[in-house]
Amino acid sequence: MWNPLLALKRQNTMAVLWHVGARILEALGAEEQALRFIDRAMQLHPGQTMLHLHATRLCLKRGRLDRAILHWKRVAGEQGKTSLLYWLNRSNQLAKTSRLFSQYSFYNYHKISKTGIEEKRTSPKKLWGQIENMFLKRNDIPSLYEVGVQLLEMGKAEQALTVLRQVQLSQGASPELYLNMGLAASKLGRHEEAVEYYQRAQAGGLNSVEVMNNKGYSLSHLGRYEEAIACYELAKKMCPGDAAILSNLASCYHRSRLYQKAISCYENALRCGLNDATILNNYALCLDEIGREDEAIQLYDRALADDPENPVILLNKAACLVKLKRYNEAIIICKQILANRPGCPETWGMLGNVLNEMGQAAEAVECYNRALGLI
């Protein structure tokens, strides 16, 4: 006969063994493997305070501050994050400071970009000519690191990452170098790689607002919203009132369906900054999802006042109008987009949905065919 007490005792014993194994591995310098052992122990005994404290310490040593915060919250609660700020400020003071591209790189999650605009590519010869011109007024020769940072500022992420890797090989790594390598990888859409670079920067003592905000950006793109939120929340504590950080945090709350927290952050972001079209659009989407379509329409209109031809905002507004059964207004928006972008499949699909809702099946099918490129 199955004895639940005996099974529970065995489970606790296995958790202790995994924890002991983690301590041994840590003493041997195998911290990554030790973290995996602690994870196994927590699967068996998730409420054990000592496990979370040990995990917090190991995560801090490995530069995984976001995970450290999650474990610390299990022990100290929401207020516990504040007690880590002293450690952060102390480590940032000890970290060597140098020129960082990060000061220019606050990202907005779900950043709206106009479609149909191709990036102009610069030939290598012309590119290096631009770099040479940047330093004509300087008496000193730019370092390889400076060249990498300049490439990053120019939006040449692939070339920048190549140069920064050469710096790593020839001069050794630094937390600042890892941060800029993470920014370059993030711009290339290689977010797993970017997170690894950010962790190395943190392990070296660099835990600035820039690290937390940009690491949160990459984590959110990987769908690791809980970790991203931890990064953004700490960045917000370190730099209160920053509209970009508030917007990023709001987007993560939104994706995690924490709608009230998202709304609060969107409102604070708008109070701290201008009526940014990206923030207004994302806020409208949030309200749209919870059935507050009339308020969402007002926000879409405010966003379009700032960026009247943005197809993403226009399509979002059209979808919201369909929910309100304001079909004719939605059709007008679709035709407005198609006048400028006649081959836009999303717009043809939206127009087909509107016509289908109105019972015009034949016209809807024609629109769907155009959306699929069959006409």
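Every number here is computed from the coordinates shown, using simple stated rules; none is lab data. Everything numeric in this text was worked out from a predicted model, so none of it was measured. Please note: Cβ atoms are built from the backbone with ideal geometry, for glycine as well, and neighbour counts cover all protein chains shown.
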Pick out, in residue order, every one of the trypsin sites (Lys or Arg not before Pro) in the range 315-375 that is DSSP loop and has at most 16 other C-beta atoms within 10 Å; say none if there are none.
-> K325, R326
Per residue, how much space in cubic angstrom lies within the convex hull of the C-alpha atoms of the range 166-260?
-> 87
Which aspartates and glutamates have a Cα less than 19 Å from the Cα of K325, not counting those fewer than 8 places away in the same chain?
-> D288, E289, E293, D294, E295, D301, E357, E363
Residue by residue, what Karplus-based ³J(HN,Hα) values in Hz, rounded to whole numbers, does the range 197-206 have, using 6.51, -1.76 and 1.60 with θ = phi - 60° and x for Gly and Pro?
-> 5, 5, 5, 5, 4, 5, 4, x, x, 9
Just the projected area, averaged over all directions, of the convex hull on the alpha carbon atoms of the range 227-281: how many nm²?
-> 3.3
What order, most packed first, do the peptides 213-220, 226-233, 356-363, 289-296 have when packing is the mean number of other Cβ atoms within 10 Å of each residue?
-> 213-220, 226-233, 289-296, 356-363
When you count, for each residue, the other Cβ atoms within 10 Å and take the mean per peptide, how do 16-25, 244-253, 40-49 rank with the highest first?
-> 244-253, 16-25, 40-49
Projecting the Cα atoms of A235, I290, G359 onto the charge dipole of the range 234-369, where Lys and Arg contribute +1 and Asp and Glu -1 at Cβ, the residue farthest towards the positive end is A235
Cα gyration tensor of the range 258-329, axes a ≥ b ≥ c as square roots of the eigenvalues: rounded (a/c below 1.5), prolate (a/b > b/c) or oblate?
-> oblate
Given N residues in the range 8-63, what is Rg(Cα) / (2.2 N^0.38 Å)?
-> 1.04
Relative contact order (percent, whole number), the range 235-321, Cα cutoff 8 Å, 6+ residue spacing = 22
Would you mind checking K73/K261; K73/K215; K215/K317 for any pair whose Cα atoms are more than 27 angstrom apart?
-> K215/K317
Stick to the Cα atoms of the range 205-358, pair each with every other, and give me the Kirkwood hydrodynamic radius in Å at one decimal.
-> 16.5
Positive-pole candidate from L60, Q48, F37, dipole of the range 8-63, charges at beta carbon | Q48
